[in-house]
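One structure below.
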Ligand code: PMP
């Protein structure tokens with residue numbers, strides 16, 4: 001008999017990483033453009049000298065440090081190989097085949113993939129015409145079978161946000177059997193004062209889990225480390241389904257060293273925010289529709305012209321992330337990288 005893989009995998013989309021072409025400006029993966037500070041590179045190098053040994057099983061040192069800094073009991077924190085890994089752990093820990101996971105759409109493309117991998121059903125709730133997550137519609141999509149609802153704040157790829165009042169109303173109304181997962185991968189780039197701080201909310205709510213990552217503001221996308229603050233039994237379930245030792249020694253050392261220079265790293269975000277404003281203003285002046293973004297990227301809802309725009313930018317040696325028929329997401333890079341993108345955008349026919 002032939003070896004087969006699960007037949008249903010054929011129906012699950014592949015995760016599409018941002019494109020990389022040598023020599024091109026890479027604005028396709030929402031990374032930060034600046035390499036880590038020397039102290040972080042030194043910590044990774046030192047850890048590299050010990051990679052013959054397994055890492056600490058529960059990332060104990062990082063766990064203790066985060067528990068102290070966040071003022072959260074360590075039992076409520078799960079550390080994982082990036083928040084995408086933690087997303088998978090959450091879904092695996094809560095969902096059985098046939099259960100439902102509700103999320104806004106369009107949003108982070110891993111949500112439907114990770115949902116379908118466990119045999120759960122993905123329920124996609126359209127954004128409003130203004131590209132904002134519709135908490136009323138998310139609520140209306142919840143059924144007896146729903147186990148998780150994702151709120152991505154700011155939303156990838158649109159950059160739009162849910163304000164505190166709407167989120168709190170939503171959290172009050174969600175039935176008891178549903179966990180709300182607040183994905184704050186881009187929280188450090190937020191300047192809108194109406195956007196809630198998930199850390200405060202997660203302290204007050206027992207139906208909420210919070211995802212944070214070192215990949216974005218902390219500039220460690222290549223190291224793979226993030227954390228989740230959740231109700232204690234949820235965090236315990238996440239640890240149970242984790243792949244043993246998946247948070248490497250290098251990742252743990254990098255995260256710890258980054259926390260030592262957190263102020264410096266957060267200051268870099270301010271430069272991204274200033275550039276985000278400049279890029280958006282210029283795009284608006286050029287006649288593009290660009291929703292206000294609180295992430296380290298902007299969204300151009302170009303509809304049917306999306307892939308033409310994508311190829312046009314690639315021809316100009318600028319790589320953006322595009323979703324056919326929907327739009328292009330453009331990461332905010334260094335000033336000269338953004339200028340290269342703006343030059344491409346200027347040269348694209350606008351009708
Ligand atoms: N959540 C969102 C909204 C994201 O955009 C991403 C990365 N693109 C992630 C989670 C995962 O990030 P990481 O696994 O690198 O922490």
| What do you reckon, is residue 13 within 16 Å of the ligand (Cβ to nearest atom), modelled with pLDDT under 95 and either more than 22 Å from residue 327 (Cβ to Cβ) or within 21 Å of the chain's Cα centre (by Cα) (or both)? | yes
| said: closer than 22 Å to residue 13 by Cα and at pLDDT 95 or above: is that true of residue 136 in this structure? | reply: no
| Residues of the range 202-217 that turn out to be under 18 Å from residue 67 (Cβ atoms), more than 11 Å from the ligand (Cβ to nearest atom) and in contact with a strand residue (DSSP E or B) (Cβ under 7 Å, 6 or more places away or on another chain), as a count | 4
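State whether one or more residues within the range 54-75 are over 30 Å from residue 236 (Cα atoms), away from the ligand (no atom under 16 Å from the Cβ), out of contact with any helix residue (DSSP H, G or I) (no Cβ under 8 Å at 6 or more places or on another chain) and at pLDDT 95 or above.
Among the residues of the range 54-75, not one is over 30 Å from residue 236 (Cα atoms), away from the ligand (no atom under 16 Å from the Cβ), out of contact with any helix residue (DSSP H, G or I) (no Cβ under 8 Å at 6 or more places or on another chain) and at pLDDT 95 or above, which makes the answer no.
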| Mind checking which residues of the range 207-256 are touching a helix residue (DSSP H, G or I) at 6+ places or on another chain (Cβ under 6 Å), surrounded by fewer than 21 Cβ atoms within 10 Å (Cβ to Cβ) and under 17 Å from residue 46 (Cα atoms)? | 256
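For the range 167-176, state whether one or more residues are within 13 Å of the ligand (Cβ to nearest atom), outside any strand (DSSP E or B) and modelled with pLDDT of 95 or more. Steps first, answer last, please.
Step one: list which residues in the range 167-176 are within 13 Å of the ligand (Cβ to nearest atom), which gives none.
Checking the range 167-176: not a single residue is within 13 Å of the ligand (Cβ to nearest atom), outside any strand (DSSP E or B) and modelled with pLDDT of 95 or more.
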| request: Among the numbered conditions (1) surrounded by fewer than 22 Cβ atoms within 10 Å (Cβ to Cβ); (2) under 22 Å from residue 10 (Cα atoms); (3) within 15 Å of the ligand (Cβ to nearest atom), tell me where residue 117 comes up short. | output: (3)
| query | Can you name the condition, by its number, that residue 4 falls short on among (1) modelled with pLDDT under 95; (2) more than 16 Å from the ligand (Cβ to nearest atom); (3) in contact with a helix residue (DSSP H, G or I) (Cβ under 9 Å, 6 or more places away or on another chain)? | reply | (3)
| remark: In the range 126-144, anything buried (at least 16 other Cβ atoms within 10 Å of the Cβ) and over 22 Å from residue 302 (Cβ atoms) is listed as 135, 138, 139, 141, 142
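Residue check: is residue 181 assigned by TED's automatic domain parsing to the domain that holds residue 94 and in a helix (DSSP H, G or I)?
no
Give the residue, chosen from 217, 209, 164, 173, that is touching a residue at least 12 places away in the same chain (Cβ under 8 Å) and under 21 Å from residue 264 (Cβ atoms). Give the derivation first.
Working: 209 fails: under 21 Å from residue 264 (Cβ atoms); 164 fails: under 21 Å from residue 264 (Cβ atoms); 173 fails: under 21 Å from residue 264 (Cβ atoms).
Going through 217, 209, 164, 173 in turn, the sole match is 217.
The values are calculated or read from the model by the stated rules, or taken from the named source; none is laboratory data. Values in this document were obtained by computation on a predicted structure and should not be read as measured data. Quick reminder, even Gly has a Cβ in these numbers, built from the backbone with ideal geometry, and neighbours come from all protein chains shown.
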